[in-house]
Amino acid sequence: MVGDRRYAPEPGRKVFVFGSGKASVGMAKAVSEILGDRVAGGLVVSSYEAELDRIDVVVGAHPVPDAQSVHAAERLMSALSGLSEEDFFIYLLSGGSSALIEKPISPLTLQDLQEMSRMLLAAGVPIDEMNAVRKHLSLVKGGRLGAMTKARGVVLVLSDVIGDDLETIGSAPLYKDRSTIEDVRDILARYGLWEKAPAALRVLMEQGPAGKMEETPKAANPGIDHVVVGSNRKALRRAKEKALSLGLEAHLVTDRLKGEAREAAKSIVAMGRKFLASRMPEQPPLCLLFGGETTVTLRGNGKGGRNQELCLAALREIRDQGGLLLLCAGTDGIDGSSEAAGALVDASVWTRAREMNLSLDDFLDRNDSSSFLERTGGVIVTGPTGTNVMDISILLVGGNES
């Protein structure tokens, strides 16, 4: 049973388990505990090494694919295409798959894809548009991996995108793709990347309208179902339950936070100030919950990520004002190019920065949020969490400022 769906593999047939993403190992452990010796074997691709009973674990690269990612994709392609119509499989999909499994379309090289990935990340391209580009350059994305198998299967999805769009999560290796070659050209042009893109990529894209380049599948494999089992909104609801149990007044503001991290910071702090001005001293602290995924346009080569940049930009607004405390973190435990999951800021962090004569604007100009927050005691380090449902921001308003 998956939710309210019942599956009945052929009598005597065991279940194959495949997967890819930052949460694939944790998901595979849970599935193995449920299925026990009914697992026939399988393969999951993760961002870290691990050992599982009956299921192989292969490590890919993230956030930019490398030779390991290509090797991982080739193994998945071989395994899924080798299944028969009588076989049944469960595929565990989570964020990070776009980089962890990769097989470039000829004549593109791995180096071309690496260069394109870095350019997309540096330009702050939203994940849905980034994945539209990736899908058209790959043999395993946008439903192409799912088209390789004859077996019946179900994909358990841990969503890391706003709106839980199945065509975006992990670049939809077993689903379908509504984006087109023309969409990819428009995206690259909009962010000023067309002329900078690798020559082989431009040649490939220019062949599209003439019908020389095959489009991604526009219909899903009818033998493969997709079920979202975890999402940002579900995580926010649990966070709200926890806040209420601690005696806080809690509200889920949105699970669709997006746009530039610096602009999101201004909106969050402005909302906090509005509530702060209206609250009575005897009221319990107010907990405002935000989920989603912002972007950062790189201007420097510092160390950080969107959550720490959001916190640092918010600190510029909070300054020495008491009664506001903001936490922003990635649920996967990794924020950008740093070792941190995110950060926590309030007036005390501002005071420490002033005492150390640190210029907040200088660190923002270099996109060096992590270095600033490490020195002022604001970083949150968890290590990989084994899940990935985008980011969560928590703003505490009022209460005991200490």
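The values are calculated or read from the model by the stated rules, or taken from the named source; none is laboratory data. A quick note: this is a predicted structure, and the numbers were derived from the prediction, not measured. Please note: Cβ atoms are built from the backbone with ideal geometry, for glycine as well, and neighbour counts cover all protein chains shown. Keep in mind that these areas ignore ligands, DNA and RNA; they rest on the heavy atoms of the full protein, side chains included. Shrake-Rupley method; radii C 1.70, N 1.55, O 1.52, S 1.80 Å.
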Of the residues that make up segment 208-226, is at least one free of Cβ contacts under 8 Å to residues at least 60 places away in the same chain, open to solvent by less than 10 Å² (accessible area, probe 1.4 Å) and under 24 Å from the mean Cα position of the chain (by Cα)?
no
Pick out the one residue from Ala340, Ala270, Ala265 that is assigned to a helix (DSSP H, G or I), of a type in the set (Gly, Ala, Ser), under 28 Å from Asp165 (Cα atoms) and modelled with pLDDT of 95 or more.
Ala265
If a residue has to be out of contact with any Gly (no Cβ under 9 Å at 6 or more places or on another chain), closer than 30 Å to Gln114 by Cβ and open to solvent by less than 10 Å² (accessible area, probe 1.4 Å) to count, how many in segment 32-60 make the cut?
0
Could you say whether any residue in segment 328-344 is open to solvent by 60 Å² or more (accessible area, probe 1.4 Å), of a type in the set (S, T, N, Q), over 20 Å from Gly124 (Cβ atoms) and touching a residue at least 24 places away in the same chain (Cβ under 8 Å)?
no
Where the second residue is surrounded by 19 or more Cβ atoms within 10 Å (Cβ to Cβ) and in a helix (DSSP H, G or I) and the first is polar (S, T, N, Q) and lies in segment 174-190, which pairs have Cβ atoms under 7 Å and are six or more apart or on separate chains?
Ser179/Ala132; Ser179/Lys135
Quick one: which residue in Leu396, Leu358 is in contact (Cβ under 8 Å) with a residue 12 or more places away in the chain, of a type in the set (A, V, I, L, M), out of contact with any Ser or Thr (no Cβ under 6 Å at 6 or more places or on another chain) and part of a loop (DSSP other than H, G, I, E, B)?
Leu358
Please list, ordered by first then second residue, the pairs with beta carbon atoms under 7 Å, 6 or more apart or interchain, first in segment 257-278 and open to solvent by 80 Å² or more (accessible area, probe 1.4 Å), second among the hydroxyl-bearing types (Ser, Thr, Tyr).
Lys258/Thr294
Expected single match for farther than 29 Å from Ser278 by Cβ and aliphatic (A, V, I, L, M) among Leu358, Leu315, Leu327 is Leu358
Scope segment 1-31; condition among the aliphatic types (A, V, I, L, M), surrounded by fewer than 22 Cβ atoms within 10 Å (Cβ to Cβ) and in contact (Cβ under 8 Å) with a residue 60 or more places away in the chain; matching residues
Val2, Val15, Val31
Residue check for Ser69: surrounded by 16 or more Cβ atoms within 10 Å (Cβ to Cβ), within 24 Å of Asn131 (Cβ to Cβ), modelled with pLDDT of 95 or more and of a type in the set (S, T, N, Q)
yes
Looking at segment 175-185, can you tell me whether even one residue there is open to solvent by less than 40 Å² (accessible area, probe 1.4 Å), part of a loop (DSSP other than H, G, I, E, B) and out of contact with any helix residue (DSSP H, G or I) (no Cβ under 7 Å at 6 or more places or on another chain)?
no
